[in-house]
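FYI, it's all coordinate maths here, none of it is from the lab. Computed from a prediction, not measured in an experiment: that's the story for all the values here. Every residue, glycine as well, gets a Cβ built from its backbone with ideal geometry; the counts of neighbours run over all protein chains shown.
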Amino acid sequence: MTVLILILAHLVGDFYLQTDRMAASKQKYLIRHVLIHFVLYFCLLLVLYIWTLSVSRFLFQIALPSLILALSHYAIDTLKIRTTRFISGSQIGQAYLFLSDQILHFTVILLAGATFFYLPLSLFENFVAEMINQKRIPNVSLDDKILFCGIIIILATTFTGHLIRLLVGTIPEHLSLFEGKYTLTNSHGPLDQMKSQKPQPSFEEEFNYVVNKKGDRSRGKIIGYVERLLVIILIVSSSYASIGFIVAAKSIARFKQMDDRQFAEYFLLGTLTSIFFGMIYGFILRLVLF
């Protein structure tokens, strides 16, 4: 339970209490970001301490692990900032860096659980082995299930949304031509001019472009969140066939824009990746709940 609380605190601090400005200028706001994590760790561990009514080892199990986790977060993020300079032009490199950063954070949390809360690492190994053998996660309390649901929700929304944006890229503000036509017309003047002049043919051309405003991209991000959450619900409830209706609904909403090849490829890749992650989270959550 303690490890799940620490993971939940990390995800909330990284993906909900970190603004876009802080993420864009991470070096400038790094101290503030680390302080947010320290407060989250400290407050949640304090709640756990009060809940369990354990009066022993207050310093060792609340203040010290909160400080260690915050300092390790500072060190990992500093390393990430310095590494970003070398791979700033590579989307795949950015995605690998993002995943490596999160894996390091989770590893530190597991080590903190083993060090400060007497959770041996063999416990995690046995847990995974038993889950694979029995095809379910054994001995999960109601509190752990609630915490795990919260973690899955954050992973399915902001975490995966950021990862997909790194893998697929962001949609351009102006897409290519998706509809156009040429019209040949004859220009006729007044009657006296028609007698002296021949009609002059002319061409008219009309092009339509998609202009993606910032608000449209924000709505697209929210749609992705809802899409993955719906996929998770459908997987947990074993309604696999209904996932196709989600894809159909998105395709109908973007039907006209599908004429643009660039948008169609972006839409297809983003949708399939989003549904893939949603299905993974759904199957994991189903193992936990049932």
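Quick notes
- For segment 214-289: rounded, prolate or oblate by the Cα gyration tensor [a/c cutoff 1.5]: prolate
- Per DSSP, loop trypsin sites (Lys or Arg not before Pro) in segment 6-102 with at most 11 further Cβ within 10 Å: 28, 85
- Largest-first ellipsoid semi-axes for segment 2-119, taking √(5λ) over the Cα gyration tensor eigenvalues, angstrom: 29, 14, 11
- Take the Cβ atoms of residue 26 and residue 223, set R0 to 30 Å, and the FRET efficiency comes out at 0.65.
- Unsatisfied cross-links (Cα-Cα over 30 Å) in the set 26/250; 145/221; 28/145; 28/250: 26/250; 28/145; 28/250
- For 77, 144, the sequence from fewest to most other C-beta atoms within 10 Å is 144, 77.
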